1. Return the total of residues in region A:55-105 being over 22 Å from B:Asp168 (Cβ atoms) and aromatic (Phe, Trp, Tyr).
2. State which residue is farthest from A:Val46 (Cα to Cα) when the search covers only region B:220-261 and only residues that are touching a Leu at 6+ places or on another chain (Cβ under 7 Å) and of a type outside the set (D, E, K, R).
3. So which pairs qualify, if the first residue must be in region B:162-176 and more than 9 Å from chain A (Cβ to nearest Cβ), the second must be assigned to a helix (DSSP H, G or I) and surrounded by 15 or more Cβ atoms within 10 Å (Cβ to Cβ), the Cβ gap must be under 9 Å, and the two must be at least 6 apart or on different chains?
4. Does at least one position in region B:189-202 carry a residue that is more than 8 Å from every other protein chain (Cβ to nearest Cβ) and either surrounded by 14 or more Cβ atoms within 10 Å (Cβ to Cβ) or in contact with a Gly (Cβ under 8 Å, 6 or more places away or on another chain) (or both)?
5. In a helix (DSSP H, G or I), within 30 Å of B:Val26 (Cα to Cα) and either touching a residue at least 12 places away in the same chain (Cβ under 8 Å) or assigned by TED's automatic domain parsing to the domain that holds B:Phe208 (or both), is that true of B:Ile156?
6. Among the residues of region A:27-76, which ones are more than 7 Å from every other protein chain (Cβ to nearest Cβ) and of a type in the set (Val, Ile, Thr)?
7. Sort out for me the helices (runs of 4 or more DSSP H) sitting completely within region B:7-63 that have 3 or more residues that are surrounded by fewer than 16 Cβ atoms within 10 Å (Cβ to Cβ).
8. Please identify the pairs in which a residue from region A:125-140 that is assigned to a loop (DSSP other than H, G, I, E, B) has its Cβ atom under 7 Å from the Cβ atom of a residue that is at pLDDT below 85, counting only partners at least 6 apart or on another chain.
Amino acid sequence: MYFSPAPLHIPDGFLSTIVSLISWAITIAILSVAVKRTEKLDEKQVPLMGIMAAFIFAAQMINFPVAGGTSGHLLGGALAAIVLGPWAGMLVMTAVIGVQGLLLQDGGLLVMGANIFNMGLLTAAIGFGLYKSGEGRKRTLKLGLAGLGAWLSVMAGALATSLQLWLSGIARLDIVLPAMLGVHAVIGIGETLITVSALAFIFRTRPDLLEQAEGPARGGRGWIFIGAAISLFVLILSPLASSNPDGLERVAGDLGFLAQGKDAPFSILPDYTLPFLGEGAFSTIAAGIIGAMVVAILVFFVVQGLRTVKKNV
Amino acid sequence: MHSNIFDRYLHSDSSIHRLAPQVKVVIAILFIFSNALLPDGDWLSFGISWAVILLLNLLSRLGWAYTLKRSLIALPFALAAITALFSLPGKTLAIWHLGSLELILTDAGLMRFLSIIVRSWLSVQIAILLVATTKFPDLIHALEHLRLPKMLVTVIAFLYRYMSVLTDEVIRLMRARQARSAVLPGQRGGGSLIWRARTAGNMVGQLFLRSYERSDRIYHAMLSRGYSGHLRTLNQHEMQINDWLIIALAFLLIAALQLFAHTTG
C-alpha cells in the first residue's frame with residue numbers, strides 16, 4: 001500500500017528487450033543533459049536535491065480516502081519540477097524511482113529506463129512546461145496551470161506505459177489503453193488536487209521559494225513548447241487511440257515499426273542474423289544494441305542542435 | 001514507529017556477502033537480461049535459472065526459500081499482462097464476450113502470459129537477493145564504480161540517508177490528522193472530496209517546507225565538517241582478481257544457458 005502511488009512501476013519481464021534498451025537509451029541521453037545542466041548550479045544544490053528526493057519519496061505515502069476503500073496519492077513529478085526546475089526535478093525523480101526499484105523491488109532494473117522516462121522525465125517536462133507558461137501572471141492562473149500539468153503528467157505516464165506494453169507484444173491496445181487511461185484519469189485528479197493545494201500552501205507560507213525559481217535560471221521558455229507539445233500529443237492520441245486502436249496499429253504498421261507483436265521493431269534492421277545461430281537471441285541483442293545506439297545518437301544530435309541554436313540567439 | 005522498514009539487508013558471513021558490490025550488481029543485471037532473452041515456454045531453461053537462484057540462496061546462508069517467500073510483491077502488476085492471453089494468434093482455447101469485446105484465449109497467448117509471469121518472478125528474486133546480501137550504502141558506492149555520474153550517486157545517497165527521517169515525519173503528520181479526525185458513530189466523517197484532498201495537499205506542503213529547511217541545516221552542518229561536494233567512503237571496494245573471475249564465470253554460464261535455450265528450442 002505504501003510504495004505504489006499509481007500502477008506504473010513496470011516489473012522486469014514485462015517489456016521486450018528491444019523496448020527496454022531503447023527506453024534506457026532515451027532516458028540516459030536526457031539524464032546526461034540534466035546532469036550537465038545541474039552541475040553548473042552551486043554546490044548547495046546537491047544536498048537540496050537529495051533531501052527533495054527523500055521528500056518526494058515520503059510525500060508519495062500521504063494519501064486521502066476517495067471512495068470505497070481506494071485512496072488518492074501523489075506521484076510528484078510535476079511538483080518536483082515546479083519547485084526545483086525541470087532538470088533538477090528529473091534527477092530527483094530518477095533517484096526516487098531508482099531506489100524504489102533497487103531497494104524495494106518496486107519496478108524492475110532492466111525496465112528502469114522506461115519507468116524513469118514514464119514517471120520522472122515526462123511528468124517533469126509537462127509539469128514545468130505548463131507552469132512556466134503562466135510566469136508573471138496571477139497566482140490563480142499559475143495554480144490552475146500546475147493542476148492541469150499534474151493531471152496531464154499522470155496521463156502521459158499512463159499513455160507511455162501502455163504503448164511500451166503494446167510494443168512489447170504483451171498487451172492488446174484496445175484493452176490496455178482504455179483501461180490504463182481510464183484508471184489514471186481518476187488517479188490524475190488526486191494528483192492535481194494534492195499538487196495544487198501543496199503549491200497554494202507554499203505560496204501562502206514561503207512565496208520566496210517559488211518566486212526565486214522564476215526567470216530563465218532554472219529553465220528557459222523552450223520548456224513551454226516541450227510541455228505543450230507533449231500535452232497535445234497526449235490529448236490528441238489518447239482519445240484517438242482509445243476509440244480507434246486499429247487506426248494506431250495501422251499507422252504503426254505503415255511506418256514499418258510494428259508488423260506483428262514483439263518481433264516487429266527488428267524489421268528496422270532486416271536480415272540481421274548471425275548465420276551460425278539463426279534468428280535467435282544473439283541477433284536480437286545485437287539488433288537491440290544497434291537500435292539503442294541509433295536512438296542515442298539521434299537524441300545527442302538533437303540536443304547539440306538545440307544548444308547551438310541557443311548560443312546563436 | 002521508526003521506519004527502518006526500508007532496510008532489506010540481512011547480515012551474514014557468506015561468500016556472496018563478501019563479493020564486491022559492483023560484481024553483484026553486474027551479475028544481477030546479466031541474470032535479468034538473460035531471463036528477458038529466454039524464449040517463451042522454455043520451461044527447462046526457466047527451471048535451470050530458478051535452480052541457480054536456489055543455489056545462491058543457500059550460498060548466502062539465508063535459507064533456500066528466502067527469495068521465494070519475499071517474491072510475491074510484483075504480482076499485482078501481472079494484471080497488465082492478462083491481455084497478453086488474448087493478443088496472439090494461435091489455437092483457440094476459449095472465447096468470452098465482454099460487452100463489445102471478443103476475447104479469444106489462445107494457446108500462444110497463454111504461453112506468453114505464463115512466460116512473462118515466470119520471467120518477472122525470477123528477476124524479482126535476484127533483485128531481492130542483491131539487496132539482502134549487500135548493504136545499501138555499499139550498493140550506492142557500487143553505482144559510482146559503474147560510472148554513474150557522481151552527482152546522481154550523491155543524490156541517491158542523500159535520498160537513502162533521509163528517506164526514513166522524512167517518512168517518520170509523514171507518519172507524524174498522518175497521526176496528527178487522524179487525531180483531529182474524530183468520527184461520531186453513525187455519522188459520515190470528513191468533508192467533501194475536495195476538502196480531504198486539500199488537507200492532504202497541505203500536509204505535502206508542510207512536509208516540503210520542513211524538508212527544505214532541514215536541507216539548509218544539513219548543508220551548513222556538512223559544510224562546517226569539510227564537505228567539498230561529494231561523499232567519501234572508507235570502504236573502497238576495489239575489484240580483486242577473484243571478483244573478475246566470478247564475473248567471467250557468470251558471463252560464461254549465462255552465455256551457455258542462452259546457447260542451450262536457443263539451439264535446442
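1. Final tally of qualifying residues: 1.
2. So the residue we want is B:Ala261.
3. Cβ pairs passing all conditions: B:Ala176/B:Met203.
4. For region B:189-202, residues more than 8 Å from every other protein chain (Cβ to nearest Cβ) and either surrounded by 14 or more Cβ atoms within 10 Å (Cβ to Cβ) or in contact with a Gly (Cβ under 8 Å, 6 or more places away or on another chain) (or both): absent.
5. Yes, satisfied.
6. Answer for region A:27-76, where residues must be more than 7 Å from every other protein chain (Cβ to nearest Cβ) and of a type in the set (Val, Ile, Thr): A:Thr27, A:Ile28, A:Ile30, A:Val33, A:Ile56, A:Thr70.
7. Result: B:43-59.
8. A:Glu135/A:Glu214
The values are calculated or read from the model by the stated rules, or taken from the named source; none is laboratory data. Because the structure is predicted, anything quoted here is derived from the model rather than measured. With ideal geometry, Cβ positions are generated from the backbone for all residues, glycine too; neighbour counts draw on all protein chains shown.
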